[in-house]
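This is the structure I want to talk about, given as C-alpha cells.
The values are calculated or read from the model by the stated rules, or taken from the named source; none is laboratory data. A quick note: this is a predicted structure, and the numbers were derived from the prediction, not measured. Using ideal geometry, Cβ is built from the backbone for each residue, glycine included, and neighbour counts are taken over all protein chains shown. Areas reflect the complete protein model, heavy atoms only, side chains present, ligands, DNA and RNA absent. Shrake-Rupley method; radii C 1.70, N 1.55, O 1.52, S 1.80 Å.
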Amino acid sequence: MALVDGQLTQDYGRLSTVRGHHARLRTLSMLRYFLRKEGLRDLNLPVTPVWAVPPIVAKNLLESALIGRTRVGRRYLERAADRASQRQLRLRFGAARAEIGALPTP
C-alpha cells in the first residue's frame with residue numbers, strides 16, 4: 001500500500017494532486033492486470049479495472065513495430081527514453097543529486 005500511496009506524495013509540478021491521483025490509479029490498474037483480483041485482495045489493495053494496460057500495449061506496439069524500425073525512429077525513441085528516465089529521477093529525488101550506485105573515490 002505504501003508504494004501505491006507514495007504516488008500521491010510526489011511532486012508532479014502543476015496539478016500535482018490530480019496527477020498524483022492519476023498515477024496511483026494507473027499503478028493500481030497495472031497491478032490488477034498482473035496480480036489479478038485475488039492478488040490485490042491478498043495485498044489489501046483496492047480492486048480497480050484494467051484501464052491503463054491497453055493504451056500502454058498499443059503505444060509499445062506502435063513504437064516497436066513502426067517507429068523503431070528506422071534509424072531515425074530508433075534515435076527518437078532513445079532520446080524519448082532518456083527524457084523519461086530524467087523525469088523519473090527528478091520525480092523521485094527532486095533537486096537532490098541522484099547518486100544511485102555511486103562508488104567512493106580512492
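Just to be sure, is L28 touching a residue at least 24 places away in the same chain (Cβ under 8 Å) and more than 19 Å from the chain's Cα centre (by Cα)?
For L28, the condition - touching a residue at least 24 places away in the same chain (Cβ under 8 Å) and more than 19 Å from the chain's Cα centre (by Cα) - is not met.
Can you tell me which residues in region 31-47 are without any contact (Cβ under 8 Å) to a residue 40 or more places away in the chain and open to solvent by 80 Å² or more (accessible area, probe 1.4 Å)?
Passing the criteria: Y33, F34, R36, K37, E38, R41, D42.
Across region 83-106, which residue is modelled with the highest pLDDT among those that are open to solvent by 100 Å² or more (accessible area, probe 1.4 Å) and over 27 Å from L31 (Cβ atoms)?
Per the criteria, the residue is T105.
Give me a count of the residues in region 48-81 that are open to solvent by 100 Å² or more (accessible area, probe 1.4 Å), in a helix (DSSP H, G or I) and not aliphatic (A, V, I, L, M).
8
The conditions are (1) of a type outside the set (S, T, Y); (2) in contact (Cβ under 8 Å) with a residue 40 or more places away in the chain; (3) in contact with a helix residue (DSSP H, G or I) (Cβ under 7 Å, 6 or more places away or on another chain), and R74 fails exactly one of them. Which is it?
R74 satisfies every listed condition except (2).
In this structure, does G6 turn out to be free of Cβ contacts under 8 Å to residues at least 24 places away in the same chain, in contact with a Phe, Trp or Tyr (Cβ under 7 Å, 6 or more places away or on another chain) and open to solvent by less than 100 Å² (accessible area, probe 1.4 Å)?
Judged against the criteria, G6 is not a match.
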